[in-house]
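Student: There's a structure below that I have some questions on.
The values are calculated or read from the model by the stated rules, or taken from the named source; none is laboratory data. Predicted model only: the values in this text are computed from it and were never measured. Virtual Cβ from ideal backbone geometry, glycine too; neighbours counted across all protein chains shown. All accessible areas refer to the heavy atoms of the entire protein, side chains included, with ligands and DNA or RNA removed. Shrake-Rupley method; radii C 1.70, N 1.55, O 1.52, S 1.80 Å.
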Amino acid sequence: MPAVRATRKPDTSGVPAELARIRNNLAAQRSALSTHFESRRNTAMLLNQHRRMVDRALREIWALQGVPRTLSLLAVGGFGRGEQFPHSDVDLLILLPEPPGAALINKLEQLIGRFWDAGLDVGHSVRTIADCVDEAAKDITVQTSMLEARLVAGSRSLFRQFQSMTKEQCDRQEFFKAKLFEQEQRHSKHQDSPYNLEPNVKEAPGGLRDLHVILWISRASGLGGTWIELARRGFVTVREALQLGRHQKLLQELRIRLHYAAGRREDRLLFDYQDRIARELGYAPTEHRRASELLMQRYYHTAKTVTQLNTILLQNLAAEIFPEHDAQVQVINERFQKVHELLDAREPDLFEREPGAILESFLIMQQRADLKGMTAPTLRALWRARTRINTAFRRDPRNRAMFLSILQQPRGIVHELRRMNQYDILARYLPPFRRIVGQMQHDLFHVYTVDQHILTVVRNLRRFTMVEFAHEYPLCSQLMADFDRHWLLYVAAIFHDIAKARGGDHSTLGAAEARRFCRAHGLSSEDTDLVEFLTKNHLAMSMVAQKQDLSDVEVVRRFAAAMGSERRLIALYLLTVADIRGTSPRVWNAWRGKLLEDLFHAARRQLKGHEISHDHDIQAKQTEARRLLRLYALSDTVEEALWRELDVAYFMRHDAQECAWQTRLLHYRVNTDRPVVKARFSPVGEGLQVMIYCRDQPGLFARICGFFSSINYNIVDAKIHTTRHGYALDTFQVMGTAPTTHYREMITLIEHDLAEQLTTQPPLQPPPQGRVSRQLKHFPITPEVHIRPDERGQYHALSVVAGDRPGLLYGIALVLSRYNIDLHTAKILTGGDRAEDVFVVSGEALNSEKTVLQLESDMLEVLQP
């Protein structure tokens with residue numbers, strides 16, 4: 001059939017004036033509906049009145065256009081369902097009794113154009129009933145939209161024929177399979193998680209679409225079209241039906257408010273709108289939490305419950321749609337059986353009679369690899385019996401032993417903890433855990449809610465025990481294999497962030513919760529002390545590794561002393577790696593891994609009694625560097641010209657491989673007048689290592705930072721050294737900001753262009769006013785600057801905290817240059833959108849308190865976005 005497109009041909013019939021009237025009426029009514037909604041907050045009324053308003057406009061235009069009476073105008077999709085949101089498309093189907101002629105096509109094109117002229121965003125199709133049959137057979141989305149069709153204007157008899165055909169053509173089993181597959185695909189687009197920072201309230205797991213799927217399938221199967229109808233047929237209880245209705249209402253209200261806030265169709269709960277909508281819904285910020293965090297926690301609870309009920313209801317509907325009369329039953333014990341690879345409670349009231357069977361069900365899932373899940377009645381019974389987990393349940397020694405047994409199983413730990421969290425069992429058993437379920441973390445590091453982050457850390461620790469991940473975590477896998485009672489690390493992981501958003505130090509508060517848990521569950525004093533230590537100090541290793549100079553023997557000695565034993569050190573290293581890798585894919589990189597590993601090995605040597613000596617360490621590095629140089633067939637004295645210009649600090653901060661690399665490149669041009677810039681793939685795996693050698697010059701660090709900023713590269717580490725004869729020998733670790741960076745192609749560019757800048761020394765430009773991310777815009781970080789002398793008074797530590805943005809480090813470098821501050825080392829820590837940089841500096845300006853205050857003030861000004 002020829003396509004019918006919208007047209008706006010000139011019309012002299014007076015209709016355009018009528019369209020202007022309709023358009024003005026629609027605008028006035030939309031405004032009135034918005035105002036009325038703000039005062040009444042009645043979502044059902046708004047959606048219904050919005051639908052009726054559009055219906056009236058469509059009927060008027062249909063009548064004005066003089067469409068033949070044999071045609072039907074149908075509302076389909078969400079409009080057909082009666083859920084017309086403020087800025088949603090108006091989905092229409094113009095139904096024809098037979099293929100149209102040229103005159104009718106022209107009339108329908110004018111009709112569609114007039115719908116648009118009246119201010120209606122229509123999505124239309126023009127089909128005969130036969131066309132509908134063909135399209136529905138090819139596209140499940142079309143078939144679904146037709147199931148919700150509603151007559152707006154035109155022939156009622158043609159509409160009845162259409163309804164009859166729709167029911168006849170719908171194979172309920174095939175429809176169920178197609179909708180289930182469609183839901184799986186949709187969920188995968190949203191990472192199969194309802195816990196995204198900016199969730200789509202319509203399409204994401206736990207959103208409105210998950211509720212629609214249930215009703216589509218039940219309606220197509222003749223099992224009911226509302227929650228109450230499903231309750232009457234026993235698929236849900238009346239209480240669950242009412243609960244579904246409440247969750248649907250909240251999701252609808254959020255979507256309505258998103259449309260009004262954005263002034264267009266917007267279904268994502270973006271940072272831009274979270275705080276506004278939270279306040280509209282009556283949330284107020286508390287001392288420790290934003291209004292938006294309270295809103296998002298409620299949303300996550302809703303999405304989680306919708307996901308639970310979606311799973312249970314779809315299993316219940318599947319049992320009705322795909323009846324099996326010869327179910328194979330295998331008895332597991334007196335309480336459970338296996339039915340079609342699913343765990344099934346043998347009695348419907350098992351969990352009510354024997355609450356201890358709740359934890360046993362998860363333990364059996366771990367112990368039986370042949371079980372693929374739980375039956376719908378069992379899931380439903382678990383969900384309903386969760387309130388039986390009370391103080392008496394938690395104090396029962398059998399239940400405490402069962403929970404520890406779940407953590408000690410060789411398989412299924414993460415799967416079952418997640419299932420326990422999904423059905424609120426974990427939060428019931430661990431009351432402190434309930435407070436952080438759905439708790440968002442706006443620290444610009446974490447991209448998961450606290451509960452999801454905790455379970456991700458447990459997953460990472462589990463992976464250290466699995467052979468298939470040994471290639472990814474070689475050191476962690478080796479350490480975990482030799483770690484006795486490694487399940488204690490899972491306990492520490494569960495408690496390490498459990499006190500977030502309470503106020504106070506969450507590490508200290510969490511350690512107290514961990515100690516109570518360990519004592520209640522009968523752990524030995526040694527194991528209790530380990531779990532408490534890990535919970536309290538879970539940030540210590542990353543802070544030292546990423547913010548302190550690991551070449552300083554005293555730093556390593558203090559850290560090793562704080563560990564106290566090799567077992568604690570190993571445990572903290574494993575937890576730290578799992579924790580950082582569980583915050584965000586953007587936070588972990590090979591360079592962070594190298595810093596942690598270096599600190600671990602240094603502290604381990606100290607704890608084993610191998611006293612760290614500057615002289616011994618330097619001598620060992622030099623010996624290894626000479627060995628590496630000989631591999632290039634260089635003379636036995638090749639290093640002497642350069643090394644005589646280097647002091648102890650250089651050899652402390654560089655490893656043997658770096659010393660050999662730089663010596664090989666510089667031994668024949670120690671007194672060169674031309675800057676030398678050499679780059680190579682970073683030895684730690686990711687990014688580039690860049691060496692810069694030239695006569696020292698004012699603003700050198702600022703010039704280098706400005707160059708890397710201009711090519712969109714981040715500096716993650718800098719070793720700054722000045723030789724005895726006045727040359728700068730600096731080593732930088734840099735990474736590209738793009739998701740896929742072609743480092744090989746950039747090596748030549750960096751070597752040529754940076755050397756050219758260092759030679760010509762053009763004037764330093766002001767730092768660029770880079771755009772901050774949307775997340776940082778809505779959750780800003782108050783900049784911090786601290787300058788303090790080290791214990792020996794030789795250097796000062798400059799620490800900076802700020803929201804990251806392009807050109808930030810360059811701006812810091814310009815301030816240091818203006819005050820003639822010498823830089824010795826730089827640790828550049830960027831996680832997500834948060835920058836935490838530490839610099840070891842020296843200079844005359846740091847000896848004056850007044851100048852230091854002015855320096856801090858100027859630095860804060862640069863850090864402000």
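Student: Please state which one of ASP615, ASP636 is open to solvent by 30 Å² or more (accessible area, probe 1.4 Å), part of a helix (DSSP H, G or I) and free of Cβ contacts under 8 Å to residues at least 12 places away in the same chain.
Tutor: Working: ASP636 fails: part of a helix (DSSP H, G or I).
That would be ASP615, the only listed residue that is open to solvent by 30 Å² or more (accessible area, probe 1.4 Å), part of a helix (DSSP H, G or I) and free of Cβ contacts under 8 Å to residues at least 12 places away in the same chain.
Student: Answer yes or no: is there a residue in region 471-487 that is at pLDDT below 95, buried (at least 19 other Cβ atoms within 10 Å of the Cβ) and in contact with a strand residue (DSSP E or B) (Cβ under 8 Å, 6 or more places away or on another chain).
Tutor: No, every residue in region 471-487 fails to be at pLDDT below 95, buried (at least 19 other Cβ atoms within 10 Å of the Cβ) and in contact with a strand residue (DSSP E or B) (Cβ under 8 Å, 6 or more places away or on another chain).
Student: Here's something else I'd like to know. Only residues that are assigned to a loop (DSSP other than H, G, I, E, B) and of a type in the set (S, T, N, Q): list them for region 231-279, please. Break it down stepwise before answering.
Tutor: As a first pass, look at region 231-279 and keep what is assigned to a loop (DSSP other than H, G, I, E, B): 233-237, 263-267, 269-270.
Correct list: THR237 only.
Student: Kindly indicate whether ALA603 is surrounded by 20 or more Cβ atoms within 10 Å (Cβ to Cβ) and either closer than 30 Å to TYR819 by Cα or of a type outside the set (Gly, Ala, Ser) (or both).
Tutor: So ALA603 does not fit the description; no.
Student: Quick one: what pairs do we get from region 759-784, first residue on the phi > 0 side of the Ramachandran plot, second of a type outside the set (S, T, N, Q), C-beta under 8 Å, 6+ apart or different chains?
Tutor: Final answer for the pair search is GLN761/ARG703.
Student: Cβ contacts < 7 Å: first residue in contact (Cβ under 8 Å) with a residue 24 or more places away in the chain and open to solvent by 40 Å² or more (accessible area, probe 1.4 Å), restricted to region 546-571; second residue of a type in the set (Phe, Trp, Tyr) and assigned to a helix (DSSP H, G or I), any location; separation 6+ or different chain. Result?
Tutor: Partner pairs satisfying both residue conditions: ARG568/PHE533.
Student: Looking at region 515-569, which of the residues that are touching a strand residue (DSSP E or B) at 6+ places or on another chain (Cβ under 8 Å) and not in a loop (DSSP other than H, G, I, E, B) is nearest to VAL838 (Cα to Cα)?
Tutor: By that ranking, first place goes to LYS547.
Student: Can you tell me which residue is most open to solvent (accessible area, probe 1.4 Å) among those in region 791-803 that are in contact (Cβ under 8 Å) with a residue 40 or more places away in the chain and assigned to a loop (DSSP other than H, G, I, E, B)?
Tutor: First, pick out the residues of region 791-803 that are in contact (Cβ under 8 Å) with a residue 40 or more places away in the chain: 791, 794-800, 802-803.
Retained after the next criterion (residues that are assigned to a loop (DSSP other than H, G, I, E, B)): 791, 794-795.
On the way: GLU791: 157, GLN794: 108, TYR795: 50 Å².
This residue is GLU791.
Student: Continuing with this model, one more query. Which of (1) of a type in the set (Val, Ile, Thr); (2) open to solvent by 40 Å² or more (accessible area, probe 1.4 Å); (3) at pLDDT 95 or above does VAL213 not meet, given it meets every other one?
Tutor: (2)
Student: I want to confirm something. Restricting to region 575-591 and keeping residues that are modelled with pLDDT under 85 and of a type outside the set (Ser, Thr, Tyr), which single residue is most open to solvent (accessible area, probe 1.4 Å)?
Tutor: Residue satisfying both the conditions and the ranking: ARG586.
Student: Here is a further query. Among the listed residues LEU823, LEU863, identify the single one that is in contact with a Pro (Cβ under 6 Å, 6 or more places away or on another chain), surrounded by 19 or more Cβ atoms within 10 Å (Cβ to Cβ) and under 20 Å from ILE715 (Cβ atoms). Break it down stepwise before answering.
Tutor: Working: LEU823 fails: in contact with a Pro (Cβ under 6 Å, 6 or more places away or on another chain).
Answer to the check: LEU863.
Student: Let me ask something else. Take ARG434 and decide whether it is farther than 30 Å from LEU776 by Cβ and either open to solvent by 60 Å² or more (accessible area, probe 1.4 Å) or in contact (Cβ under 8 Å) with a residue 60 or more places away in the chain (or both).
Tutor: Details: farther than 30 Å from LEU776 by Cβ: yes; either open to solvent by 60 Å² or more (accessible area, probe 1.4 Å) or in contact (Cβ under 8 Å) with a residue 60 or more places away in the chain (or both): yes.
Yes: the conditions hold for ARG434.
Student: To continue, here is another question. Using the structure shown, decide if GLU98 is assigned to a loop (DSSP other than H, G, I, E, B), at pLDDT below 95 and farther than 20 Å from LEU47 by Cβ. Show your work before the answer.
Tutor: On the way: assigned to a loop (DSSP other than H, G, I, E, B): yes; at pLDDT below 95: yes; farther than 20 Å from LEU47 by Cβ: yes.
Spelling it out, GLU98 is indeed assigned to a loop (DSSP other than H, G, I, E, B), at pLDDT below 95 and farther than 20 Å from LEU47 by Cβ.
Student: Would you pick out the residues in region 722-747 that are part of a loop (DSSP other than H, G, I, E, B) and either within 17 Å of LEU688 (Cβ to Cβ) or modelled with pLDDT under 90 (or both)?
Tutor: Applying the first criterion (part of a loop (DSSP other than H, G, I, E, B)) to region 722-747 yields 723-726, 737-742.
THR737, ALA738, PRO739, THR740, THR741, HIS742, listed by residue number.
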